[in-house]
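Here is the structure we will look at.
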Amino acid sequence: MTPLPMPAFFVGHGSPMNALEHNRYTDSWRALGERVGRPRAILVVSAHWYIQATALTAMARPRTIHDFYGFPQELFALRYPAPGDPALAEEIADVVRPTWVGLDNDSWGIDHGAWSVLVHAFPGADVPVLQLAVNSAKSFDYHAELGAALAPLRQSGVLIIASGNVVHNLGLLDPSQPDAGFDWAHRFDGDVRELMATTPGEVVNMARHGDYATAAPTPEHFIPLLYVAGLAEASNSAATVEVEGFAFGSLSMTGYRVGAYGDREATPDSSG
């Protein structure tokens, strides 16, 4: 029987402290890892690698990047020593042609948009991890189309995780509302949810939404969602909400899945 393709996910990663905490969001990430089994590799599109280029980590041993400040030392001490996969990086660059992807051998690694989730989903850190940069110079359509171009990887056992937040406005955080969202946050998140469940390709138009400027004053946390929207379009399917909620008024923690978990007792053969 032909195995089902790997599902793909968008996760709202929220605060780096989620790496150390246990809550319903981290529980959903743990369940994700348990249900997908062991992938061939994990490709992460993280909001925190936001540069003016399309690039892919290609080193054999990516470093753990602590790209934040003002948090407890325990968080800075955390390491996620997953291997990379240089051969897979070259394969991915070929899969998405004619889109050009540069191979990064030494400048980046695994940032907290990736490892704060992976420490819960794959705590053994024994599955190869690659990161795809979010190109700040490109349009929403470009990102959705690049997401769609990644679709063949799902057939070969690569788990794709896009990590950001649908609503992400750090300037309006309200510590007195740890589990609540402002009205505008609910409106924007709800309208995105409706599109992801019906016509995910239309998510590229959310920059025209009346609440977009408040929900995403900078676009880097929203753009990873476009990769999963593109993957949904490529498979002619909708997205399923994995978990939903808000934090501190101006963060959405909504997560999505494209595809089925299926029965993955066996690991796909990465040799060919």
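Brief remarks follow.
- Residue, nearest to the chain's Cα centre (by Cα), within segment 190-211, restricted to residues that are in a helix (DSSP H, G or I) and of a type in the set (D, E, K, R): R193
- Tallying residues that are of a type in the set (G, A, S), surrounded by fewer than 21 Cβ atoms within 10 Å (Cβ to Cβ) and in contact with a helix residue (DSSP H, G or I) (Cβ under 6 Å, 6 or more places away or on another chain) within segment 187-215 yields 1.
- Single unsatisfied condition, G171 versus (1) farther than 21 Å from P16 by Cβ; (2) surrounded by fewer than 16 Cβ atoms within 10 Å (Cβ to Cβ); (3) of a type in the set (G, A, S): (1)
- Every test in (1) assigned to a strand (DSSP E or B); (2) surrounded by fewer than 19 Cβ atoms within 10 Å (Cβ to Cβ); (3) β-branched (V, I, T) is passed by V44 save one, and that test is (2).
- V228 under 21 Å from L146 (Cα atoms), touching a Gly at 6+ places or on another chain (Cβ under 8 Å) and not in a helix (DSSP H, G or I): no
- Flag for E220 being modelled with pLDDT of 95 or more, in contact with a strand residue (DSSP E or B) (Cβ under 7 Å, 6 or more places away or on another chain), among the charged types (D, E, K, R) and outside any helix (DSSP H, G or I): no
- Candidate set from segment 74-121 (those that are of a type in the set (G, A, S) and part of a strand (DSSP E or B)); member that is surrounded by the fewest Cβ atoms within 10 Å (Cβ to Cβ): G102
- Every residue from segment 122-144 that is assigned to a loop (DSSP other than H, G, I, E, B) and hydrophobic (A, V, I, L, M, F, W, C): F122, A125, V127, A137
- Reported count of residues in segment 8-41, each being in a loop (DSSP other than H, G, I, E, B), touching a strand residue (DSSP E or B) at 6+ places or on another chain (Cβ under 9 Å), over 12 Å from A162 (Cα atoms) and not basic (K, R), is 3.
- All positions within segment 8-28 that are farther than 21 Å from S250 by Cα and either surrounded by fewer than 24 Cβ atoms within 10 Å (Cβ to Cβ) or at pLDDT below 95 (or both): L20, D27
The values are calculated or read from the model by the stated rules, or taken from the named source; none is laboratory data. None of these values were measured; they are calculated from a predicted model. Cβ atoms come from the backbone with ideal geometry, glycine included; neighbour counts cover every protein chain shown.
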